[in-house]
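Student: I am attaching a structure below and will ask some questions about it afterwards.
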């Protein structure tokens, strides 16, 4: 493979860097019957549908923060990171109202570009350094 082809393959898709990334844990606890009274598939579908034009939503097997299940991590867009935004870890996101609050914040710009709604302070937590490293941030 030529150098130019490698650079093109490594480059993010157009617009991908300009979007927030929403990582949804779907591991051993999150997204399973261990957390009752929540339609986990509907939560993921709702996030994907609501944020289709705004963010990349990606489920991952496990973020190893099970005591906070369901865990969602909102990573800033390139502009948000440039403005000082950092990933925000949200736990106990176990109802669709919380998902709607997260969606509204991301649609407003997300980390670095829009103030996080006060209600999301109830969900925010700081994971260990080892856990944060799983996202590469």
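Student: Restricting to the range 29-42, count the residues that are outside any loop (DSSP other than H, G, I, E, B) and either more than 18 Å from residue 123 (Cβ to Cβ) or touching a strand residue (DSSP E or B) at 6+ places or on another chain (Cβ under 8 Å) (or both).
Tutor: Total satisfying the criteria: 2.
Student: Consider the range 13-54. How many of its residues are at pLDDT below 75 and exposed (fewer than 11 other Cβ atoms within 10 Å of the Cβ)? Even if it seems obvious, please write down each step before you answer.
Tutor: Filtering the range 13-54 down to residues at pLDDT below 75 leaves 13-17.
The next check asks that each one be exposed (fewer than 11 other Cβ atoms within 10 Å of the Cβ); those that pass are 13-15.
Number satisfying all stated conditions: 3.
Student: Next question. Of the numbered conditions (1) modelled with pLDDT of 95 or more; (2) surrounded by fewer than 12 Cβ atoms within 10 Å (Cβ to Cβ), residue 116 fails exactly one; give the number of that condition.
Tutor: (2)
Student: Any chance you could count how many residues in the range 68-99 are within 23 Å of residue 37 (Cα to Cα), out of contact with any strand residue (DSSP E or B) (no Cβ under 6 Å at 6 or more places or on another chain) and touching a residue at least 12 places away in the same chain (Cβ under 8 Å)?
Tutor: Final tally of qualifying residues: 8.
The values are calculated or read from the model by the stated rules, or taken from the named source; none is laboratory data. What you see is a predicted model; the values in this text were computed from it and never measured. Cβ: placed from backbone, ideal geometry, glycine included. Neighbour counts: every protein chain shown.
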